[in-house]
Amino acid sequence: MSEVLVRAERDYVVEVGSDWLISLKNACENRQRVALIISDAFKERFSDLELGNCEVFTFAIGDGEAGKSSETLLKVWSWLGAAGFTRSDLIVGIGGGAVTDFAGFAAATWLRGLDWIAIPTTVAGAVDAAIGGKTAINSDYGKNLIGSFHSPIKVVIDLNWLTTLSDRDFAAGLAEVVKAGFIADGEILNLLRGKDIQAVRSNPVLVQELIERSVKVKAEVVSIDFKESFAREALNYGHTLGHAVELDANYSLRHGECVSIGMAFIAQLQLDLGLISQDLADDHIKILSDLDLPTTYKRVSWSKLMAHMAVDKKSRGKTLRFVTISEIGKTERLENPDPQVLYSAFEKVSS
Ligand SMILES: NC(=O)c1ccc[n+]([C@@H]2O[C@H](COP(=O)([O-])OP(=O)(O)OC[C@H]3O[C@@H](n4cnc5c(N)ncnc54)[C@H](O)[C@@H]3O)[C@@H](O)[C@H]2O)c1
Ligand SMILES: [Zn+2]
């Protein structure tokens with residue numbers, strides 16, 4: 001097990017490769033009550049969980065984005081009230097990013113802020129959602145519109161959870177790992193080159209190292225920039241087009257798959273602008289496609305995608321902004337590139 005420190009409104013550690021149950025038992029030692037907010041998908045596993053003298057309450061929420069709703073949150077608030085949850089009690093989110101985002105927001109809002117722990121059970125949850133203190137639920141007007149910065153007291157990554165993920169979900173999470181490689185830690189790319197999804201999954205030592213390195217990348221960025229200004233933007237590599245594709249596909253693709261398409265696009269765009277070499281552009285496509293991640297997107301209305309990019313919350317005012325890399329590990333910004341060059345790069349990654 002290793003620990004990565006995150007600096008935020010209060011510092012906390014991310015345990016990588018620990019035993020979630022032992023870690024949870026330790027956290028509950030001097031608590032009266034704990035509320036476990038878990039994914040519906042594995043509620044049976046929690047039916048008879050005991051945590052010493054700490055009274056355990058369990059609430060299962062719907063799978064994925066559907067569970068991250070205000071209706072569910074109203075139920076959880078009533079449930080916490082009925083169970084008499086006080087400031088000294090604990091909330092724990094166990095599931096993918098959707099569940100930990102939701103549990104964190106429930107913790108942020110109940111009594112103006114309860115301690116909470118994130119136990120991510122997906123790759124994307126482990127390397128991205130659970131780290132950085134952003135918590136949220138969805139609104140009818142968009143994803144994550146209702147939220148708060150409320151850091152957990154710790155994040156517990158038990159790699160055993162990941163073994164039941166589908167290859168598709170595992171690979172989608174790895175897109176964020178690849179991103180961490182390009183923006184900050186080239187060793188991640190060295191570890192991944194030439195490997196397919198099975199070669200990664202069947203090697204727990206490798207999975208541990210990839211996750212630890214990616215957690216470090218995110219932890220370092222959010223520690224400099226807790227409330228999201230300049231430094232956090234680096235994490236948006238591949239995301240400007242990625243978010244537009246996610247919307248265009250009506251969320252039928254995984255977030256990581258859209259980020260993969262977004263990285264293929266930004267690689268092409270940078271190549272066309274003479275910002276990176278052909279080898280570096282090819283490196284993006286090879287690593288992503290070896291992991292069975294998509295690197296092309298169907299030829300859809302470019303103006304629609306442009307409109308989605310323009311409203312992306314990460315673009316500021318009238319500025320259409322992309323994160324670029326001048327070399328592996330070194331990010332820069334590209335603002336308002338020539339629309340014709342953008343279009344031409346998209347054509348090249350269209351299928
Ligand atoms: N707070 C942040 O900074 C931040 C950052 C990135 C993403 N997010 C949020 O994270 C969410 C996406 O997270 P995600 O990719 O983990 O998706 P998810 O939470 O929707 O989970 C994906 C699927 O995997 C299943 N699953 C979870 N754990 C499993 C396991 N161990 N075995 C088998 N199946 C399992 C889930 O039931 C679900 O069907 C989005 O809601 C996004 O907004 C938040
Ligand atoms: Zn992302």
- region 167-348 - Rg (one decimal) and Dmax (whole number), Cα, Å: 15.5, 46
- Query: Roughly what % of DSSP beta bridges within region 2-164 run antiparallel, to the nearest 5?
  - Reply: 30 percent
- Note on the chain, DSSP bridge orientation, antiparallel percent to nearest 5 equals 40 percent
- Which lysines have a Cα less than 28 Å from the Cα of K75, not counting those fewer than 8 places away in the same chain? K25, K43, K134, K143, K154
- Report the charge-dipole magnitude of region 46-194 in Debye, nearest 20, computed about the Cα centre from +1 at each Lys and Arg Cβ and -1 at each Asp and Glu Cβ. 400 debye
- For each cysteine in the chain, check whether another cysteine's C-beta sits under 4.7 Å from its C-beta; list those where none does. C258
- Message: Above 28 Å lies some portion of the pair distances; for the chain, what is it as a whole percent of all C-alpha pairs?
- Response: 42 percent
- Message: From the phi angles alone, apply the Karplus equation (6.51, -1.76, 1.60; θ = phi - 60°) to region 115-129 and give each ³J(HN,Hα) in whole Hz, x where the residue is Gly or Pro.
- Response: 5, 9, 10, 9, 10, x, 10, 10, 5, 4, x, 5, 8, 10, 4
- Task: Using 0.36 nm per residue of separation minus the Cα-Cα distance, give me the extension gain between S252 and S47 in nm, one decimal.
- Result: 70.6 nm
- Task: Using the Cα centre as the reference, give the magnitude of the dipole from point charges on the C-beta atoms of the chain (Lys, Arg: +1; Asp, Glu: -1; all else neutral), rounded to the nearest 20 debye.
- Result: 800 debye
- Item | Cα-based helix-to-principal-axis angle, 204-224 vs the chain, degrees rounded to 10 | 90 degrees
- Query: Using a Förster distance of 56 Å, how high is the FRET efficiency between L74 and S344, based on the Cβ-Cβ distance and rounded to 0.05?
  - Reply: 0.70
- Express the relative contact order of the chain as a whole percentage, based on alpha carbon pairs under 8 Å and six or more residues apart in sequence. 15 percent
- H308 accessible area, 1.4 Å probe, all protein chains in place, Å² to nearest 10: 40 Å²
- Task: Please determine, in degrees from 0 to 90 and to the nearest 10, the orientation of helix 302-311 with respect to the longest principal axis defined by the Cα atoms of the chain, where the helix direction is its Cα long axis.
- Result: 50 degrees
- Message: Give me log10 I(q)/I(0) at q = 0.09, 0.13 Å⁻¹ for region 2-164, Debye formula, one equal scatterer per alpha-carbon, no solvent.
- Response: -0.24, -0.53
- Message: How tilted is helix 97-109 with respect to the longest principal axis of the chain? Cα atoms for both, answer in degrees (0 to 90, nearest 10).
- Response: 50 degrees
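The values are calculated or read from the model by the stated rules, or taken from the named source; none is laboratory data. All of these numbers come straight from a predicted model, not from anything done at the bench. Glycine gets a Cβ as well: all are built from the backbone with ideal geometry, and neighbour counts include every protein chain shown. The protein model used for the area step is the full one, side chains on, heavy atoms only, and it has no ligands, DNA or RNA in it. Shrake-Rupley method; radii C 1.70, N 1.55, O 1.52, S 1.80 Å.
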